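First up is the structure itself, then whatever we jot down about it.
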Amino acid sequence: MVNKREQEFERKVKKLGYGPVRMYSGRGMFGRECPGVTVENPQDFIAEMGMKGLKIDNMGLRYIVYTG
């Protein structure tokens, strides 16, 4: 189930030209999934998004930013 925050995340990602949005289960989420997007510079992405509380996981060469 996607909540309003997750819908806002997906809408902003598409509006800013990032993507694709995919479902992700981050650390400590115990299998629960939320929308996330893979980026090279998470700090710039988060600043562009203008949303507080986004989480970041390192995926080697890139990062995933997700709603948590």
Contacts under 8 angstrom Cβ, first residue in the range 4-20 being in contact (Cβ under 8 Å) with a residue 12 or more places away in the chain, partner part of a helix (DSSP H, G or I) and not polar (S, T, N, Q), 6 or more apart:
PHE9/MET49; LYS12/MET49; VAL13/MET49; LEU16/GLU48; LEU16/MET49; TYR18/PHE45; GLY19/VAL13
For the range 21-38, enumerate the residues that are over 18 Å from GLU8 (Cα atoms) and touching a Lys or Arg at 6+ places or on another chain (Cβ under 9 Å).
SER25, GLY26, ARG27
Looking only at the range 31-46, which residues are assigned to a loop (DSSP other than H, G, I, E, B), under 13 Å from ASP57 (Cα atoms) and not polar (S, T, N, Q)?
GLU40
Which residues, taken from the range 52-65, are of a type in the set (A, V, I, L, M) and either at pLDDT 95 or above or not in a loop (DSSP other than H, G, I, E, B) (or both)?
LEU54, ILE56, ILE64, VAL65
What residue, of GLY28, GLY68, is part of a loop (DSSP other than H, G, I, E, B) and without any contact (Cβ under 8 Å) to a residue 12 or more places away in the chain?
GLY28
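The values are calculated or read from the model by the stated rules, or taken from the named source; none is laboratory data. Note that this is a predicted model, so its numbers are computed, not measured. Cβ coordinates were reconstructed from backbone atoms using ideal geometry, including for glycine residues, and neighbour counts include every protein chain displayed.
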